[in-house]
Structure formats: structure tokens, C-alpha cells
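One structure is given here, and the rest of the page talks about it.
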């Protein structure tokens, strides 16, 4: 994300150096004032000393940026030392319900106490030299705000990606149905990312349970197209390489017709119409005989006579 603090190309090297020296000289005072600002106070709630230390680190970073004269450069090396910290602070505020505009406002509020200290450095607080230094500080603080917002956006994208991955894992549980038999009930759309999670989870379960049979139940998959079929074929092939026979169950009449119309060849894949049929097949292959409850009860009664 390329953002500039202002439309004008501000060249204020002498003023920037003054600001850098000022930030170094007044770092402790600035940190103490920032510790009471909303951004620091509401993030570092355990100890005020933590807020002060964070304020020192940010002030030092701003001084390093100002020393280079790159006041409006988001990529100035000085910001790297505190970029992660600023991102964590903004993320912490976001978790309390503060939106991005609110975070930006809290960062902008840090400028006023620093500006007051800077003006006090000059015999005439509103003389041209003082105004140039304040302008340089304003540009620098504006850049700090953009760095925070950029980092917040990146952190938000990473959080969303992690949450999506966690949802995929939760939505694709592997269930042990019987000795040497596991199943994955699939519900919802099966895209590339989720298919990878399914494959990894199933292979891990095959190893952990020493499974000989793995059932992929697609009863909850709304549609099957060529891409979904390709993912299923890859999962079946991977399971076979791990020494397990894979059975695809839950093929409804509509899905069967779709597969035929698309010309998808599942001839090498063992299929069953329901999870019940797939489990019955896996059990019979292991020598486990299943009898209806009434028939089993009648046989038991006959044996007692």
C-alpha cells in the first residue's frame, strides 16, 4: 500500500534534524505523556511502566526516521523497529470494538502533546523557524498514523486468513467409526484450500488410527463439478498411497446424473450411496458381520430354546 502523507513534496531536512534532536532529548517526557493517551493507556492496562517503555520505543523510532529526513516515507528503516509493536497495539484496540477510524484518531491525538513540547523549545513558539519544525513534526506524525493503519490492515488480513483456516479444520472433522475405519463428513462447498485441509487431516488420521478404510461422505456437498471431482480423486489417490482403501459415499441421484453429464470418470473410485452402506462395506471387508436388530434378537431367542 503506497500512501503519501501530503500531496506536496516536503523537503525539510534542517527542520527534520531539529525534530530528531528534539525527540531524542525529550524522549522520556514524550513517553510519559503518551502513557496517559488513549492508545497506550487502554492497551497497556497491567502496568503504566509498560506504556512508558512502549512510548520510548516509538519516540526513538520517530527520531531515527527524522534523522534521515524521510519524514513522509512509510518504508523508512526507523519504523521497522516498532512496526510489529504498533500493529499489536492497533489490533488490541480493534478487538475492543474500536474501528479503523477510531484507531487513526487515537494515533493522531499523540501529536498534540509532542507539539506543545516542541514549541516550548523556541523563544518565540510561532516564529518561522518554530513553524518549520512543527510542520516537519506534523508530517512525521502523519506518517506514523499511516504506518499504524497499514500494519493494522495487514494484521487484519492475516487474522482473517488464520480464522478461515481454522474454520476449514473445524468444518472437516475426521471421525473414527470402527477399528481401522475413519470417515470425513463433508458439508458445504469443497474448494482448493478446503480440499487440502481434508487431505492432510485424513492422511494424519490414517496414520494415527492405522486405518485400512477411509470414507469420504459427500452427502452435505451441494454440487459436484469437475473441480470437486478432481479434489476427491486426489484425496483417494493419497489415501491409497498411505495403504488405506478410500470409499466415497453420499452420492445422491442428482449428483450421479451430474457426474455422468460432465463425463467425469470415477470408475477407479469405490462409491456407495450412503455412509451406512460405506461403513457396512468396510466392516464386511474386515470380517465383521452386521445383522438387523430384530433378526439378531430372534436368533438369540432361538438359541435359548
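A short reminder: the numbers here are calculations on the coordinates, not readings from a lab. This is a predicted model, so every value here is computed, not measured. All Cβ positions, even for glycine, are placed from backbone atoms using ideal geometry, and neighbour counts span all protein chains on display.
Relative contact order of segment 175-289, taken over Cα pairs closer than 8 Å and 6 or more residues apart, is 26 percent. Across every pair of non-identical alpha carbons in segment 13-160, the mean reciprocal distance, once inverted, gives a Kirkwood radius of 15.3 Å.
With both labels modelled 7 Å from their Cα along Cα-to-Cβ, the residue 285 to residue 53 distance reads 5.9 nm.
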